[in-house]
1. Please determine whether any residue of the stretch 27-41 is touching a Pro at 6+ places or on another chain (Cβ under 8 Å) and in a strand (DSSP E or B).
2. Out of curiosity, is Ser35 open to solvent by 30 Å² or more (accessible area, probe 1.4 Å), within 27 Å of Tyr134 (Cβ to Cβ) and small (Gly, Ala, Ser)?
3. Just wondering, is there one or more residues in the stretch 61-74 that are in contact with a Pro (Cβ under 6 Å, 6 or more places away or on another chain), surrounded by fewer than 14 Cβ atoms within 10 Å (Cβ to Cβ) and at pLDDT 95 or above?
4. Being outside any strand (DSSP E or B) and of a type in the set (Gly, Ala, Ser) is the filter; apply it to the stretch 1-26 and report the residue that is surrounded by the most Cβ atoms within 10 Å (Cβ to Cβ).
5. Anything in the stretch 76-93 that is closer than 15 Å to Phe131 by Cα and open to solvent by 20 Å² or more (accessible area, probe 1.4 Å)? List them, or say none.
6. List, please: which pairs have Cβ atoms under 6 Å, are six or more places apart or on different chains, and start with a residue in the stretch 51-71 that is more than 18 Å from Glu8 (Cα to Cα) and end with one that is open to solvent by 10 Å² or more (accessible area, probe 1.4 Å) and acidic (Asp, Glu)?
7. Which condition from (1) more than 12 Å from the ligand (Cβ to nearest atom); (2) closer than 30 Å to Ile17 by Cα; (3) among the charged types (D, E, K, R); (4) in contact (Cβ under 8 Å) with a residue 40 or more places away in the chain is the one that Glu117 breaks?
8. Only one of these is exposed (fewer than 11 other Cβ atoms within 10 Å of the Cβ), within 22 Å of Gly68 (Cβ to Cβ) and at pLDDT below 95: Asp44, Asp48. Name it.
Amino acid sequence: MQGSKVDENIIIDIPKIIDPRGNLSVIENDTIPFSIKRIYYLYDVPSDSFRGGHAHKKLYQFLIAISGSFEVHLNDGANKKVITLNKPNKGLLLVPGTWREINNFSSGAVCLVVASETYNETDYIRDFNDFLVYKN
Ligand code: T46
């Protein structure tokens, strides 16, 4: 989505079943606005690590801080936004056409990512100048 705006990247509540034995959250296809084709996760991330640094042309993703916290820096080519994820029952919908950088991982942070497509390197824009050309 070349014309997507940074504010289309929104926080979505994940249903939470509260239980004295421990809470349970569940993501089903109606929790997020895409069908799930892939799940991956980032873990054992050093606190000074920097992930992302790219945009996607078609891929939708949903990021959850299953444990700990981290920051997601978003840029649509014109506007920026920083979102801190630190709750396992709140996720960030990432729409195509958004440059993302992820940093400030806390100790033990785990970033679970639910994706709309299987892995495809041709969907990535990994150079920021190419991203600006793509958006303008
Ligand atoms: C994103 C952020 C949040 C695979 O082989 N399959 C996969 O499904 C993925 C996601 C990656 N890879 C390979 C490609 C690279 O050789 O794993 C290596 C590391 O990938 P990358 O440098 O893209 O990792 P991140 O953490 O910078 O970015 C990833 C996702 O690629 C990206 O879509 O939005 O997490």
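1. no
2. Against the criterion (open to solvent by 30 Å² or more (accessible area, probe 1.4 Å), within 27 Å of Tyr134 (Cβ to Cβ) and small (Gly, Ala, Ser)), Ser35 qualifies.
3. Within the stretch 61-74 (the criterion being in contact with a Pro (Cβ under 6 Å, 6 or more places away or on another chain), surrounded by fewer than 14 Cβ atoms within 10 Å (Cβ to Cβ) and at pLDDT 95 or above), the answer is no, since none of the residues qualifies.
4. Ser4
5. Correct list: Gly77, Ala78, Asn79, Lys80.
6. Every condition considered, the pairs that remain are Gly52/Glu101; Gly53/Glu101.
7. That leaves (1) as the condition not met.
8. The conditions single out Asp48.
The values are calculated or read from the model by the stated rules, or taken from the named source; none is laboratory data. Just so we're clear, the structure is a prediction, and the values are computed from it rather than from any experiment. In this analysis, Cβ positions are derived from the backbone assuming ideal geometry, glycine residues included, and neighbour counts consider all displayed protein chains. The protein model used for the area step is the full one, side chains on, heavy atoms only, and it has no ligands, DNA or RNA in it. Shrake-Rupley method; radii C 1.70, N 1.55, O 1.52, S 1.80 Å.
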